[in-house]
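Here's the structure, in structure tokens; my notes come after.
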Ligand code: ATP
């Protein structure tokens, strides 16, 4: 992998490192080819946002952490891109909350589910749900609706990073509180979720873990953060930043 990379002084070094992780993830059967296209769209928005965590994203990260620590049964959904980009970090977040991980794929194949579970376990995950789905999210066609009753099926709060709009809408319609991480503030997912973190997942997940550690023992602050959070105002602020060239 290193052979394809320019020296660390290259201005696009970080973004090229991230790309290589996805390419390696595809070679390992973790990332779907369509995942590379989704990443390209994300990269474009990251570029426009200055490749940094904005103040608005920080507020969303705190609101997401607050919602996760206050939840009765939170679940973290993992797809191929998430597993390739932040395997260690998503496992650490799952421990910190604590919340189970569930593999949930748009382009589901049993081989990809197994490869993602093995990859997460190699990065320290104990149990990963999703290999034997026994429930479904109402309103989605066959494979895309599959989930587990012990995980997403009975969750009250679900983190669905890099998700498709239909599934986000179906989770909201099923009465769940939905948190997403999505660099495109205009995507259907970004506009449908209750908390949208408009930030690159490689920056957002470690910050989310830090915020969870901070809020875990302070439910009063967590409740106040959730009560005053305004997702529509956050999206307007991110769009203004993109339009103004920050
Ligand atoms: P929607 O159905 O919600 O309108 P979409 O069809 O544009 O979304 P998908 O391909 O289903 O998008 O999902 C990928 C989403 O994840 C895109 O909005 C993309 O901007 C975002 N994304 C891709 N890579 C990253 C990343 N590294 N960090 C954060 N967001 C990302």
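Binned at 5 Å from 0, what are the whole-percent values of the Cα-Cα distance distribution for the chain, short to long?
1, 7, 14, 19, 20, 18, 12, 6, 2, 0
For segment 21-77, what class follows from the C-alpha gyration tensor (a ≥ b ≥ c being the square roots of its eigenvalues): rounded when a/c is under 1.5, otherwise prolate if a/b is larger than b/c, else oblate?
Oblate.
Can you classify segment 1-146 as rounded, prolate or oblate using the Cα gyration tensor, where a ≥ b ≥ c are the square roots of its eigenvalues, rounded means a/c under 1.5, and otherwise it's prolate if a/b beats b/c and oblate if not?
Here segment 1-146 falls in the oblate category.
Could you line up 45, 106 from fewest to most neighbouring Cβ atoms inside 10 Å?
Ascending Cβ contact count within 10 Å gives the list 106, 45.
Based on the Cα atoms of segment 48-99, what semi-axes does the equivalent ellipsoid have, where each is the square root of 5 times one gyration tensor eigenvalue, given in whole Å with the largest first?
Computed over segment 48-99, the values are 21, 17, 8 Å.
With 10 angstrom as the radius, rank 220, 148, 127, 168 by how many other C-beta atoms surround their C-beta, starting from the fewest.
The order, fewest Cβ neighbours first, is 220, 127, 148, 168.
Specify whether the C-alpha gyration tensor of segment 126-246 places it in the rounded, prolate or oblate class, a ≥ b ≥ c being the square roots of the eigenvalues: rounded for a/c under 1.5, otherwise prolate if a/b is larger than b/c and oblate if not.
Oblate, since a/c reaches 1.5 and b/c is not below a/b.
Considering the chain as a Gaussian network with a 10 Å cut-off on Cα pairs, which listed residue, 86, 226, 31, attains the greatest mean-square fluctuation?
Largest GNM mean-square fluctuation: 226.
Within 10 Å of each residue's Cβ, count the other Cβ atoms and sort 89, 210, 237 from fewest upward.
Going from least to most buried by this count: 210, 237, 89.
What Rg and what Dmax come out for segment 182-246 when only alpha-carbon atoms are used, in angstroms?
Calculated on Cα positions, Rg and Dmax stand at 13.3, 39 Å.
Under the rule of -39500 (n - 2.57) per DSSP H run of 4 or more residues, summed and divided by the residues of the chain, what mean residue ellipticity at 222 nm is obtained, to the nearest 500 deg cm²/dmol?
The per-residue figure over the chain is -16000 deg cm²/dmol.
For the chain, set up a GNM with springs between Cα atoms under 10 Å and report which of 235, 155, 227 has the largest fluctuation.
Residue with maximal mean-square fluctuation among 235, 155, 227: 227.
Read-outs: derived from the displayed coordinates by stated rules, not from any lab. Fair warning: this is a prediction, and the values are worked out from it, not measured in the lab. Cβ sites come from the backbone with ideal geometry, for glycine too, and all protein chains shown count toward neighbours.
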